[in-house]
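To start, the structure itself, in structure tokens.
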Amino acid sequence: QVQLVESGGGLVQAGGSLRLSCAASGSTFSAFAMGWYRQAPGKQRELVAAVTSGGSTNYADSVKGRFTISRDNAKNTVYLQMNSLKPEDTAVYYCNARDRRHDYWGQGTQVTVSS
């Protein structure tokens with residue numbers, strides 16, 4: 001069992017930055033693909049960014065060039081650096097860890113970007 005705890009959300013003005021962190025329990029963190037998803041009110045949850053166990057990354061088109069995902073296997077933590085934030089980035093952001101047999105989610109952290 002893996003537990004994921006997100007932190008770093010909050011209220012920021014448009015153009016500002018936030019860094020989200022997701023700390024994972026367990027000793028097999030490095031084997032998981034990690035991702036950040038978000039869900040805005042009335043919308044479906046969508047992938048924001050992901051990083052594989054090997055370090056390859058991919059991003060939603062809407063955040064390319066503004067967000068950066070990274071992982072620190074020594075700290076069992078994945079990060080999402082969010083720059084040039086826009087009001088449309090407002091959502092609950094969720095951390096995800098998955099491998100071939102498991103799919104774990106954090107409780108989510110609210111990000112609100114004011115215009």
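Counted by Cβ distance under 12 Å from Leu80, the other residues give a net charge of +2, where Lys and Arg count +1 and Asp and Glu count -1.
Placing a label point 7 Å from the Cα of Thr28 along the Cα-to-Cβ direction, the residues of the range 50-83 whose backbone N falls under 15 Å from that point are 53.
Among Lys43, Lys86, Lys75, the residue with the largest mean-square fluctuation in a Gaussian network model of the chain, with springs joining Cα atoms closer than 10 Å, is Lys43.
Each peptide among 56-63, 90-97 gets the average number of other Cβ atoms lying within 10 Å of its residues, and from highest to lowest they stand as 90-97, 56-63.
What number comes out for the charge environment of Ala14, summing +1 per Lys or Arg and -1 per Asp or Glu over other residues with Cβ under 14 Å away? Every neighbour counted, the sum reads 0.
Only protein atoms count toward the accessible area here, which uses a 1.4 Å probe; on the range 4-89, the carbon and sulfur part of that area reaches 48 percent.
Under a model in which nothing but the beta-carbon of Lys, Arg (+1) and Asp, Glu (-1) is charged, the chain shows a dipole of about 100 debye around its Cα centre. A Förster radius of 22 Å, combined with the Cβ-Cβ distance separating Asn58 from His102, puts the computed FRET efficiency at roughly 0.65. Remark: spin-label model distance Ser7-Glu46 equals 2.9 nm, labels positioned 7 Å along the Cα→Cβ axis. Length gained on full extension, Thr112 to Ala14, computed as 0.36 nm times the residue gap minus the Cα-Cα distance: 34.3 nm. Counting only protein heavy atoms and a 1.4 Å probe, the chain has 54 square angstrom of accessible area per residue. For Lys75, no lysines have a Cα falling under 25 Å of its own Cα, not counting residues fewer than eight places away in the same chain.
Ranked by the mean number of other Cβ atoms within 10 Å of their residues, highest first, the peptides 32-38, 48-54 come out as 32-38, 48-54.
The values are calculated or read from the model by the stated rules, or taken from the named source; none is laboratory data. Keep in mind it's a predicted model, so treat the numbers as computed, not measured. A quick note on method: Cβ atoms are made from the backbone with ideal geometry, for glycine too, and the neighbour counts reach across all protein chains shown. In case anyone asks, the SASA skips ligands and DNA or RNA and just uses the protein heavy atoms, side chains included. Shrake-Rupley method; radii C 1.70, N 1.55, O 1.52, S 1.80 Å.
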